[in-house]
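The values are calculated or read from the model by the stated rules, or taken from the named source; none is laboratory data. Note that the coordinates shown come from a computational prediction; the quantities given were computed from them, not determined experimentally. We place every Cβ from the backbone using ideal geometry, glycine too, and count neighbours over all the protein chains shown. Just the protein is used for accessible areas: all its heavy atoms, side chains included, with ligands, DNA and RNA removed. Shrake-Rupley method; radii C 1.70, N 1.55, O 1.52, S 1.80 Å.
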Amino acid sequence: MNLILFDNEIRNRFLPLVYTRPVSELRVGILTISEKWEKALNLKASYITQDYLAEKYPLILRTDNYLINGTVFPNKRLLKLISQMDINQAFLSKEGELIAARLDNVQFDNLLNDNELEDLEGIDLMNTPYSKLNNVWDIFKLNGEQIREDFELLTNGRDSQPISDTNRIVGNQDQIFVEEGAYMECCILNATTGPIYIGKNATVLEGSIIRGGLAVCDNAVIKMGAKIYGPTTIGPFSKVGGEITNSVIWGYSNKSHDGYLGNSILGQWCNLGADTNVSNLKNNYASVKLWDYDEERFVDTGEQFCGLVMGDHSKCGINTMFNTGTVVGVCCNIYGAGYPRNFIPSFSWGGTNGYTTYRTDKVFETIEKVKARRNLTFDMDDRLILLRNFEESAKHRRWEKA
């Protein structure tokens, strides 16, 4: 068997986060969507995604292939149905969206070449409950549900490392799991509202106050005195401090200092300067509008709480204030007094006094330095992806046309 995760026509709704990755590489809960499927099916994933991402995220085709929608989360009911699929069967949502299929290489070749699929049996999943991402804000909306699902998947049949008696635990200790190598002392852990997962070699420093659900992924750090409300995810190698509510922070990103972050998503290699604050609620309590790359306009999320969405490699200076429902593209450098605009295009440099283009040579110079601090290299695949991002996002940098 072979596992292939595909991006579909709603992919652009998840920009700027998917400028640099397939949809299935989005992290929701403890794991990315691809990691969930890999563990559930015990298969290694490959991808159908944008052409410019294919070198880093290649497609592997075999004679018998599971084709899975990259926005969909696995659950027991869905997995059982998929395991019982016959060749050339497909599961569809009630709206007709392809959720999963099992295809031989001939049918798969027809699919890739936009040919008609012959003898494909479509089965309606109307009576099968499952969760999926439909919009970018679903990442933090569904984070609590997915922390619980991933917690069960990762800890079932396993024992937690001992929890030091310097910590104060509220609720069921079985809902707290500490992996090997983690450090956690003199903290308050409340698991009554969701499980708390502390990953391998993670560090939770003294005085941290945590209310689940919380995922602290491998090698992440929570700094002293942090106040974190779930459901929140701190990605691998990320560092956080201050106050955080219902946010998803991906790998190698930092919100290390005081300041507030709520109902937000930070991509990889982001950095929020000290005392950065994000508004997640409008003063009139109205639903929040957010920039939608698919429709090229602000759309009503229907959500009362929605903060910041920030793409990979973007950073802001100290005391930055983000308004409710702000979208920041990839590779931005934001600074200055006042509130920046609610949509900041990729490769922007500046703030309320205006923007200039953050040239790729300067971007790459910074990325090289940042990655070198982690003993990582900035490889050619990532350079080419960001160069393509620079071209695609030029239409939003309107000052270049002035």
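Tabulated data
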| item | result |
| --- | --- |
| Local electrostatic count at residue 191 - Lys and Arg +1, Asp and Glu -1, tallied over other residues with Cβ under 13 Å | +2 |
| Share, in percent, of DSSP beta bridges within the chain that are antiparallel, nearest 5 | 25 |
| Test item: Cα-centred dipole of the chain, Lys/Arg +1 and Asp/Glu -1 on Cβ, debye | 1520 |
| Euclidean distance between Cα centres, region 300-364 to region 224-268, Å | 17 |
| Dipole of region 111-207, positive end: most advanced residue of 197, 137, 147 [Cβ charges, Cα centre] | 197 |
| Whether region 18-87 is rounded, prolate or oblate, judged on the alpha carbon gyration tensor where a/c under 1.5 counts as rounded | oblate |
| Percent accessible area from carbon and sulfur atoms, the chain, protein chains only, probe 1.4 Å | 46 |
| Principal axis dimensions, region 326-402 - Cα atoms, whole angstrom, descending | 36, 26, 19 |
| Net charge dipole size for region 243-360 [Lys, Arg +1 and Asp, Glu -1 on Cβ; Debye, nearest 20] | 300 |
| Relative packing of peptides 353-360, 387-394 - highest average C-beta neighbours within 10 Å first | 387-394, 353-360 |
| Given charges at beta-carbon only (K, R positive; D, E negative), |dipole| of region 53-96 in Debye | 240 |
| Residue-averaged 222 nm ellipticity for the chain, from DSSP H runs of 4+ at -39500 (n - 2.57), nearest 500 | -5000 deg cm²/dmol |
| Local electrostatic count at residue 274 - Lys and Arg +1, Asp and Glu -1, tallied over other residues with Cβ under 14 Å | +1 |
| Signed unit charges on C-beta, dipole axis of region 29-139, positive-most listed residue 65, 125, 43 | 43 |
| Dipole of the chain, positive end: most advanced residue of 101, 234, 389 [Cβ charges, Cα centre] | 234 |
| Between region 1-45 and region 68-114, the alpha-carbon center distance in angstrom | 15 |
| For semi-axes √(5λ) of the Cα gyration tensor in Å, calculated from these coordinates, the label among (i) 42, 34, 19; (ii) 33, 29, 19; (iii) 34, 24, 22 | (ii) |
| Percent antiparallel among DSSP beta bridges (both partners in region 266-382, rounded to 5) | 40 |
| Accessible surface, region 227-385, averaged per residue in Å² (probe 1.4 Å) | 40 |
| Total formal charge among the other residues, if their Cβ is under 15 angstrom from that of residue 356, Lys/Arg +1 and Asp/Glu -1 | +4 |
| Taking all pairs of distinct alpha-carbon atoms in region 271-402, Kirkwood radius in angstrom | 15.6 |
| Three principal axis lengths of region 179-222 [C-alpha, angstrom, descending] | 25, 18, 13 |
| All-pairs Cα distance distribution in region 332-376, expressed in whole percent, bin size 5 Å | 5, 21, 25, 18, 15, 11, 5, 0 |
